[in-house]
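What follows is a set of notes on a single structure, which appears directly below.
The values are calculated or read from the model by the stated rules, or taken from the named source; none is laboratory data. Remember, it's a predicted structure, so these values are computed and weren't measured experimentally. Note that each Cβ is placed from the backbone with ideal geometry, even for glycine, and that neighbours are counted across all protein chains shown.
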């Protein structure tokens with residue numbers, strides 16, 4: 001009868017431990033359509049979700065790749081995001097360890113030598129004493145799922161930190177790629193400006209010769225001079 005009562009109590013505790021007071025999570029509706037559009041215009045469009053390719057697929061210029069790799073290795077914000085992942089992983093490990101009790105065991109040996117002058121047999125000897133310890137720390141029985149809910153929250157925080165790291169990395173790559181493109185555009189613009197300046201200087205030289213020969217007016221000469229100054 002006593003064994004039956006213990007069994008009932010154990011089963012009750014197991015059932016209670018499987019319960020949780022945490023509310024059920026309901027994913028909010030996404031601001032975009034849940035399915036891809038259909039119709040004749042979309043028959044050749046890929047409508048299956050696939051992971052994004054690596055950034056090296058998009059950036060093919062060797063120098064640009066080197067710059068992106070340097071940014072990923074030295075950007076402080078990205079380092080902070082990576083450290084936050086390690087912090088969240090450690091917090092999850094600590095919180096998850098609360099689900100099980102902590103048990104510690106120890107074994108100790110003590111040795112003592114008895115000299116011959118104090119021995120009943122007239123010869124010295126060494127005696128050994130062994131001591132074993134087994135201890136368990138305080139452990140909370142998770143009757144209503146409080147500890148499991150905290151563990152799940154820590155796990156979601158870890159996932160959030162990982163997504164933040166991915167977002168920070170993607171933003172950094174995009175910023176470096178945009179700056180690289182802008183740099184190339186500015187270099188090309190500078191090259192065109194130099195060509196324009198050279199052309200305007202040649203036109204001003206012709207205008208000066210024309211003015212000296214009386215074929216053009218002073219106003220036309222000054223306008224050509226202004227154009228050169230603007231280009232410069």
Which numbered condition residue 164 fails, given (1) at pLDDT 90 or above; (2) touching a helix residue (DSSP H, G or I) at 6+ places or on another chain (Cβ under 8 Å): (1)
Residue pairs qualifying under the 9 Å Cβ cut-off, at least six apart or on distinct chains, with the first in segment 215-232 being in the same structural domain as residue 204 (by TED's automatic domain parsing) and the second being outside any helix (DSSP H, G or I), are 224/216
